[in-house]
Amino acid sequence: MAAAQVVVATALVHDGRVLAARRTRPPALAGLWELPGGRVEAGESEAEAVVRECREELGTAVVVGERIATDLRIDAGVLRVHTARLADGAPQPRALEHAGLRWVAAGEVAAVDWVGADRAVVADLVALLG
Ligand code: CDP
């Protein structure tokens, strides 16, 4: 049996806030917020996927940190959350899949309208932001 597809999500932290990105698609997720990320490609490490997705979706370079939260089952496979910090450049919504970005402080994390899987890591994000 093939291993489950791994999807990485990035808890990109800057100045005590974490970046949330507003999805435009698919219709079921449009308008909801997520930690930026996507599928790990063949031959790529999870950290490499985080770096690539942040470059493609946000136009920014990041340095990947540790993994947080437990693995989450999602329709696409398994979602793993990695922390990261900005190495260069302010994030901009580059990909068609994001309509906007916002920096979220610890006290605001629980009130964000997250996509389902990401809602499960709210407590981990609050702990991360301290
Ligand atoms: O960018 P790519 O097409 O590789 O992946 P994606 O469409 O961004 O994400 C793959 C799947 O993981 C989708 O079903 C997303 O909804 C899900 N996902 C998620 O649940 N939470 C995230 N933070 C990122 C992706």
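Bear in mind that the values in this text are calculations on the coordinates, not laboratory data. In this text, all values refer to a predicted model and were calculated from it rather than measured experimentally. Cβ atoms come from the backbone with ideal geometry, glycine included; neighbour counts cover every protein chain shown.
Name the residue, out of V18, V112, V62, whose mean-square fluctuation peaks in a Gaussian network model built on the chain with Cα pairs under 10 Å.
Of V18, V112, V62, the most mobile in the Gaussian network model is V112.
Measuring from centroid to centroid over Cα atoms, what is the spacing of segment 59-130 and segment 1-48 in Å?
What the calculation gives is 7 Å, centre to centre.
Measure off 7 Å from each Cα along the Cα-to-Cβ vector at E44 and A3, then give the distance between these two points in nanometres to one decimal.
1.5
In whole Hz, with x marking every Gly and Pro, tabulate ³J(HN,Hα) for segment 18-30 from phi via Karplus 6.51 cos²θ - 1.76 cosθ + 1.60, θ = phi - 60°.
So the Karplus estimates, Gly and Pro as x, are 10, 8, 10, 10, 8, 7, 9, 8, x, x, 5, 10, 4 Hz.
Averaging sequence separations of C-alpha pairs under 8 Å and six or more residues apart, then dividing by the length of the chain, give the relative contact order as a whole percent. Provide the component values of the computation, followed by the final result.
Details: 267 pairs, mean separation 41.5, N = 130.
Result for the chain is 32 percent.
Okay, helix-only estimate at 222 nm for the chain: each DSSP H run of n ≥ 4 adds -39500 (n - 2.57), divide by all residues, round to 500 deg cm²/dmol; what do you get? Can you show the working numbers first?
Values: 3 runs with 25 residues, N = 130.
Dividing the helical sum by the residues of the chain leaves -5500 deg cm²/dmol.
Which one, H14, H82, H98, has the greatest fluctuation when you compute a Gaussian network model over the chain with C-alpha springs under 10 angstrom?
H14
Kirkwood Rh, the chain, all Cα pairs: how many Å?
Working: mean 1/r = 0.0690 Å⁻¹.
It is 14.5 Å.
Under 5 Å between amide H atoms, partner at least 5 residues away or on a different chain: which partners does V104 have, H built in plane at 1.01 Å?
Under 5 Å from the amide H of V104 lie the amide H atoms of V18, L19, A20, each far enough along the sequence or on another chain.
Residue by residue, what Karplus-based ³J(HN,Hα) values in Hz, rounded to whole numbers, does segment 4-9 have, using 6.51, -1.76 and 1.60 with θ = phi - 60° and x for Gly and Pro?
4, 4, 9, 10, 9, 10
Quick one: 3J(HN,Hα) in Hz for segment 53-58, Karplus 6.51/-1.76/1.60 with θ = phi - 60°, rounded, Gly and Pro as x.
The phi angles translate into 5, 5, 5, 5, 8, 10 Hz.
Using the basic label-point model (7 angstrom from Cα toward the beta carbon), what is the D15 to A111 distance in nanometres?
Distance between label points: 1.9 nm.
I'd like to know which of L72, A9, A111 lies farthest towards the positive end of the charge dipole of segment 6-129, counting +1 on Cβ of Lys and Arg and -1 on Cβ of Asp and Glu.
So the residue we want is A111.
What's the FRET efficiency of A61 with A99 using the Cβ-Cβ distance as r and R₀ = 25 Å, to the nearest 0.05? Don't jump to the answer; show the numbers that get you there.
Working: r = 23 Å, r/R0 = 0.91.
About 0.65, to the nearest 0.05.
Considering only W114, W103, W33, give the residue with the highest GNM mean-square fluctuation for the chain, with springs between Cα atoms whenever their separation is below 10 Å.
W103
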